[in-house]
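All remarks here apply to the structure that follows.
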Amino acid sequence: MIPNKEIKKILEESKEIPKEKLNEAWKKVQAENGNFAKYLIGKNLISENILYETIGNFYKIPFIDLRKMSIRKDILMLIPETIVQTYQIVAFDRSETELKIATVDPKNLQILEFLRKKTGLKIKLHITTVSSIKEVLSLFHKGLSSEFKKITKGENQTVVDDEKIQDLKQLAQDLPIVRIVDTLLEYAIFEGASDIHLEPLEKEIIVRYRIDGLLTEVMKLPKNLQPGIIARIKILSNLKIDEHRLPQDGRFKVSTSDYQISFRVSIIPVFDGEKIVMRLLNESAKILTLEQVGLQLKALELVNLNVKKPQGIMLVTGPTGSGKTTTLYTILNMLNRPSVNIATVEDPIEYRMQGVNQSQVNPRIGFTFATGLRSLLRQDPNIIMVGEIRDGETAEIATHAAMTGHLVLSTLHTNDAITTLPRLEEMGVQPFLIANTTNIVIAQRLVRKICMNCIHSYTLSTKMVDELKKSINFDAIIRVLENQGIIISVKNSIESLLFYKGKGCKQCNNTGYKGRIGIFEVLEVNSEISRMIIEKASNADLLKKSRENGMLTMTEDGFIKAKNGITTIEEILRATKD
């Protein structure tokens, strides 16, 4: 909210960023007409806390990090949520005569005067960060159960009684139903959920959100709300509201000034009604870098090297929900430049990318991955992305495209990198084609990251080490950590190794985790591996040779991240042993 020029002037005076770097960043922001503060933070030229602390010092206003505070509900509610959202201003403490306010824009005197008149209190101004305001906004959305009690109690309860209202269309438009569905969607967005599950039982509806990869039950709704909620979601998704026997798929979008979320809806009949699953796709999310995705050390070098190759296939593999699409788009973003023609065929299009020609398959009219890919080859592409190789026809066209000078990116469902090669063979692709077209295979899983607000270290007990040795080759992992320079030789003192976990706090909903990151194994198909594929070598031999070439398994990559305090041992075991 503070003008770009003013932020530049403040940083020039404070000298928090070297002058050359500041001027370079300023030129880029001017060219893109962007937000200077966001750009500086995004490029790690300055931390968010230091930036706003510096702004506070300039205006002689104290800085406060609201994420470390517990704000009383009555104080929080003194400023309505809409004003908090619009003006980025929060009430966090008060006395009989004074109200303490935190904002990211200390120059907005009009809103401060409005609050002084509204509350009758003297305003004590503080400066805080955008992240702090977002954290506080989430507090407005914590009491989901109590919110629904308000919506459904009293006279509203009779309005949504299915026995009294037979018209599903009318039922879907009733105010309580509209508010219930809107609230469900809004809470899911604020909680950072990737999926919403509405599961009908005999006497109630279970609502579950998938947050950081794990399903969490958030509440139970009365059974009599079921017809209205289902009808409302069907209307939003442009589906048939009177069809209850067949599965249906649809989508709709929610857009505000803060976010643009696309909801992919799947409805299927079950014993007690219709189960709804909604996948949330954040269309306004920015593309990550390979480092942010989680690639590191040699794996990162290999991917960067293979991205520069003009032809061949790059495959990303793993189960559903393992982050394959995010990795593909990250690589696609690196390749996206005006001198190349990039075309994709996807199901669905999850991220919109400028400069990329994206097509969505529609099997109902015969537009499959295979037909789409065949058509793309007539569009003079340099780079092709196929959302998924599902069948032999798609696999064959993709490998032939790679043979004829195209760079092909795609995903495949396999458990690790090595089994990708025989999987392609099972689809009918000849071994010599696999050997000559496959450049690199990236296998991955997603693990939860430790919450940095409540992280603490601990040492492994003898009992823990014994338990680990039962499920994994722990001694081999220790050797990898030594070889990678993560630890020095421990010999008989494995118990002295420090690992990390989260205690649980307000910021992570007492889970000890916040956010997710990938763990990877990256197989480069070099001349040795190519020869072995043509000779139909076993998976064991291929794995042995790739390990000799320096490939780390996902478990080993995970333990490196666990030792570096990014994730926990428990998460690595959960993700790799499921």
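A few points about this structure:
- Shape parameters for the chain, alpha-carbon atoms, Rg then Dmax in Å: 26.9, 83
- Simple rule: put +1 on each Lys or Arg Cβ and -1 on each Asp or Glu Cβ in the chain, find the dipole, and look at LEU328, THR119, LEU412; the Cα lying farthest toward the positive end is THR119.
- Separation of the alpha carbons by more than 24 angstrom is noted, of LYS21/LYS501; LYS503/LYS561; LYS15/LYS107; LYS5/LYS100, for LYS21/LYS501; LYS5/LYS100.
- Neighbours of TYR52, meaning other residues whose beta-carbon lies under 11 angstrom from its beta-carbon, give a summed charge of -4 when Lys and Arg score +1 and Asp and Glu score -1.
- Of all accessible heavy-atom area on the stretch 199-277, the percent that carbon and sulfur account for (1.4 Å): 52 percent
- The stretch 233-243 - phi-based ³J(HN,Hα) in whole Hz, Karplus 6.51/-1.76/1.60, Gly and Pro as x: 5, 5, 5, 4, 8, 6, 10, 6, 6, 9, 9
- Per residue, the convex hull spanned by the alpha carbons of the stretch 387-538 comes to 174 Å³.
- If R0 is taken as 51 Å, the Cβ-Cβ distance between ARG352 and ASP93 corresponds to a FRET efficiency of 0.75.
- Shape category assigned to the stretch 403-460 from the gyration tensor of Cα positions, a/c cut at 1.5: prolate
- Virtual spin-label span in nm between SER471 and MET77, 7 Å along Cα→Cβ: 4.4 nm
- Residue list for the stretch 311-346, given a label point 7 angstrom along the Cα-to-Cβ vector of GLU32 and an amide N cut-off under 17 Å: 330-338
- Here the gap between ASP182 and LYS544, fully extended at 0.36 nm per residue and compared with their Cα-Cα distance, gives a gain of 125.0 nm.
- The stretch 1-104 shape via C-alpha gyration tensor axes, a/c threshold 1.5: prolate
- Protection proxy ranking, peptides 206-214, 454-462, average beta carbon neighbours within 10 Å, highest first: 206-214, 454-462
- Charge dipole of the chain about the Cα centre (unit charges at C-beta), most positive-ward option of ASN382, ILE211, ILE64: ILE64
- Local electrostatic count, ILE349, Cβ distance below 11 Å [Lys/Arg +1, Asp/Glu -1]: -1
- With the helix formula -39500 (n - 2.57) applied to DSSP H stretches of n ≥ 4, the chain reaches a computed 222 nm mean residue ellipticity of -12000 deg cm²/dmol.
- When the convex hull of its Cα atoms is projected in every direction, mean area for the stretch 251-303 (nm²): 6.3 nm²
- Relative contact order [Cα under 8 Å, 6+ residues apart], the chain, whole percent: 9 percent
- Under 29 Å of direct C-alpha separation, and excluding same-chain neighbours fewer than eight residues apart, LYS240 reaches these lysines: LYS164, LYS169, LYS203, LYS220, LYS223, LYS253, LYS275.
- Taking the DSSP beta bridges with both ends in the chain, the antiparallel portion is around 65 percent.
- Highest-first arrangement of 83-91, 282-290, 377-385, where packing means the average Cβ count within 10 Å: 83-91, 377-385, 282-290
- In whole percents, the pair-distance distribution calculated for the stretch 290-333 from its alpha-carbon pairs, binned every 10 Å from zero, is 24, 60, 16.
- Test item: Cα-centred dipole of the chain, Lys/Arg +1 and Asp/Glu -1 on Cβ, debye: 1460 debye
- Rg [Å, one decimal], Dmax [Å, integer] - the stretch 261-344, C-alpha atoms: 17.2, 55
- Point-to-point label distance, LEU109-SER339, nm (Cα→Cβ direction, 7 Å offset): 5.4 nm
- Checked against a 27 Å cut-off, the cross-linked pairs LYS308/LYS563; LYS514/LYS563; LYS43/LYS298; LYS234/LYS577; LYS469/LYS545 give Cα-Cα distances beyond that limit for LYS308/LYS563; LYS234/LYS577.
- For peptides 463-475, 116-128, sequence by mean Cβ density within 10 Å, most packed first: 116-128, 463-475
- Surface per residue (accessible, 1.4 Å probe) for the chain, Å²: 50 Å²
- Lys, Arg +1 and Asp, Glu -1 on Cβ, resulting dipole of the stretch 404-477 about Cα centre, debye, nearest 20: 340 debye
- P(r), alpha carbons of the stretch 366-409 - 10 Å bins starting at zero, rounded %: 30, 64, 6
- Cross-link partners of LYS8 among aspartates and glutamates (Cα-Cα below 19 Å; sequence separation of 8 or more within a chain): GLU16, GLU20, GLU24, GLU32, GLU48, GLU53, ASP105
- Qualifying aspartates and glutamates (Cα of each under 12 Å from Cα of LYS449; at least 8 residues distant if same chain): ASP212, GLU570, GLU571
- Near ILE127, the amide H atoms lying under 5 Å from its own belong to PHE63, ILE64, THR103; only residues 5 or more places off or on other chains count, and H is placed 1.01 Å from N.
- Rounded Å value of the spacing that divides the Cα centres of the stretch 108-123 and the stretch 1-48: 30 Å
- Cα-based shape type of the stretch 277-433, given that a ≥ b ≥ c are square roots of the gyration tensor eigenvalues and the cut on a/c is 1.5: rounded
- Net lengthening on full extension, THR86/TYR59 (0.36 nm per residue, minus Cα-Cα): 7.5 nm
- Note on the stretch 457-578: percent of Cα-Cα distances in each 10 Å bin, starting at 0 and stopping at the bin with the largest distance, equals 11, 37, 30, 15, 5, 1.
- Dipole magnitude of the stretch 41-106, debye to nearest 20 (Cβ charges: Lys/Arg +1, Asp/Glu -1, about Cα centre): 140 debye
The values are calculated or read from the model by the stated rules, or taken from the named source; none is laboratory data. What you see is a predicted model, and the numbers here were worked out from it, not measured in a lab. All Cβ positions, glycine included, derive from the backbone under ideal geometry; neighbour counts span all protein chains shown. Please note that ligands, DNA and RNA were not included when accessible areas were found on the heavy atoms of the full protein model with its side chains. Shrake-Rupley method; radii C 1.70, N 1.55, O 1.52, S 1.80 Å.
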